[in-house]
1. How charged is the neighbourhood of residue 14? Take every other residue with its Cβ under 14 Å from the Cβ of residue 14, and add Lys/Arg as +1 and Asp/Glu as -1.
2. Once you order the gyration tensor axes a ≥ b ≥ c over the Cα atoms, which shape class does region 13-52 get: rounded for a/c under 1.5, otherwise prolate or oblate by comparing a/b with b/c?
Amino acid sequence: VPAEEPVLFTVNDANLLKGQQAFFKDAENGDVLLVYQTSSKALIYRPSTNKIINAGPVSFQQPQATSTAPKK
């Protein structure tokens, strides 16, 4: 587990996540997602069964930077 503090999310729409990345294929509503942003790692935890469902690297979509420099 990375040394950084994770960002916590509760899964409210597992179907939406499943369409994003294979990492979320076993996610269910009510699962907790712990995201380690600096390390690009995540963990899916299911409180109802006290089990880790998946852990591993994930990629996050970053908006593309746009240049606002004037054209010459």
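1. Summing Lys/Arg as +1 and Asp/Glu as -1 gives -1.
2. The shape class here is oblate.
All of the numbers you see were taken from the coordinates with simple rules; none came from a lab. These numbers come from a predicted model, not from an experiment. Using ideal geometry, Cβ is built from the backbone for each residue, glycine included, and neighbour counts are taken over all protein chains shown.
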